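Asks: Here it is, the structure in full.
The values are calculated or read from the model by the stated rules, or taken from the named source; none is laboratory data. None of these values were measured; they are calculated from a predicted model. Glycine also receives a Cβ, built like all others from the backbone with ideal geometry; neighbour counts cover every protein chain displayed.
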Amino acid sequence: MGSCFRNLSFLVIAFIVCIQIHESVGLYDEDDNVERGDRYIDKLLEEMLEQNGHEYDPYILEDSSIGFSKKITFVNVSGEAKLHNGYITGLKSLHRPDHCSVEEEGGNLLVKADLGAGVLDFYYDGTVKFMSFGPTITVHGVLAYVEVHMEFTVDAKTGRNGKLTKFVIDEMKGMKVTVSGLGPMNWALNYIMSGVTSLFQGFVRKFMQNKIRSHIAERLPNYQFPVEGGDIDITEVPEITEPSEEITEAPEETEAPEEIVEETEAPEEVVEETEAPEEIPEETEAPEEEVTESPEEEVLEALQLFRYLDLL
């Protein structure tokens, strides 16, 4: 009876040890996959920033305009802020902030990773026009951090055939905008700040989707994921060389008598030129807010505005 109990205890202990060894091996394989995935993503970002970094920083912004209005003596008067010479700096700070995850699904490795960039700085020069008058302004914006989530697959055996399956902006943190130079038109500050904030966020989303996403998707098929812990292989497209043509001398031929052929001129075709329709840039207008003021305050504001215009 005692020997049976000892044998049973030995089997239980051996079973527990085997389970622990199996789990430790699984954790080692998982950690190895994560390490290889991190190296793969870092290499991908490094090559992309080296080749295309000049497009990222500074990133030139297109000219924009923001409309607003104000009620003066019971009449809504419209104004406009035109923005130009805009650019963003800090986009080359794109990096992998944390470890990736690697899972095997249907013969492929599914790699999930987060990317981040920040601090991003925005700059714009501008002019504000209200009743045909207005100051020159400077706009400065700061975005503390932008976070992107991406997923891609590679062949589990070869590490090739990389394909981007997901790329979304998760979060934008810490957006601040300052406008200087408004002077007596400081009442338009909230309208301009609201419009500029929407503009900057739209530019960041457009940059991430049109530039970063497309550049990553283009490179994935040319990178081999290190499925066995080896180095990352980058497939180079071979140069296409045109075959050299051998020049052979043709035998001399006797010239046949020339025939005189009367040529008839084809009628000239008149091609009507059509002008392409002019593209009208879309203007982003800040939401109008109704401001209710007493008649005494409206008259006082009108007098101050006319006094400011007389000084000009």
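Asks: Tell me, yes or no, whether region 59-72 has at least one residue that is assigned to a strand (DSSP E or B), in contact with a Gly (Cβ under 8 Å, 6 or more places away or on another chain), over 18 Å from Leu199 (Cα atoms) and among the charged types (D, E, K, R).
Replies: For region 59-72, residues assigned to a strand (DSSP E or B), in contact with a Gly (Cβ under 8 Å, 6 or more places away or on another chain), over 18 Å from Leu199 (Cα atoms) and among the charged types (D, E, K, R): present.
Asks: Shifting gears a bit: Give the residues of region 116-133 that are buried (at least 22 other Cβ atoms within 10 Å of the Cβ) and within 28 Å of the chain's Cα centre (by Cα), sorted by residue number.
Replies: Of everything in region 116-133, those that are buried (at least 22 other Cβ atoms within 10 Å of the Cβ) and within 28 Å of the chain's Cα centre (by Cα) turn out to be Ala117, Leu120, Phe122, Tyr124, Gly126.
Asks: Something else now. Starting from region 175-188, take each residue that is within 16 Å of Gly79 (Cα to Cα) and list its partners that are part of a helix (DSSP H, G or I) and of a type in the set (Lys, Arg), counting only C-beta distances under 7 angstrom and pairs at least six apart or across chains.
Replies: Listed by first residue and then by second, the contacts come to nothing, as the list is empty.
Asks: Hey, can you tell me all the residues within region 170-191 that are within 31 Å of the chain's Cα centre (by Cα) and part of a helix (DSSP H, G or I)?
Replies: Ala188, Leu189, Asn190, Tyr191
Asks: Residues of region 134-147 being buried (at least 20 other Cβ atoms within 10 Å of the Cβ) and within 17 Å of the chain's Cα centre (by Cα), which ones?
Replies: Leu143, Val146
Asks: Still on this structure: With respect to Asp98, is the statement that it is free of Cβ contacts under 8 Å to residues at least 40 places away in the same chain and within 21 Å of Asp42 (Cα to Cα) true?
Replies: When the stated conditions are applied, Asp98 passes them.
Asks: Within the group Leu83, Leu110, which residue is more than 18 Å from the chain's Cα centre (by Cα), at pLDDT 95 or above and under 25 Å from Val204 (Cα atoms)?
Replies: One residue alone meets the criteria, Leu83.
Asks: Within the set of pairs 6+ apart or on separate chains, which have a first residue in region 43-58 that is within 16 Å of Arg219 (Cα to Cα), a second that is loosely packed, with under 14 Cβ neighbours inside 10 Å and modelled with pLDDT under 95, and C-beta atoms under 8 Å apart?
Replies: Glu47/Ile234
Asks: So Lys157 ticks every box in (1) touching a strand residue (DSSP E or B) at 6+ places or on another chain (Cβ under 8 Å); (2) not in a helix (DSSP H, G or I) but one. Which box is left unticked?
Replies: Going through (1) touching a strand residue (DSSP E or B) at 6+ places or on another chain (Cβ under 8 Å); (2) not in a helix (DSSP H, G or I) one by one, Lys157 breaks only (1).
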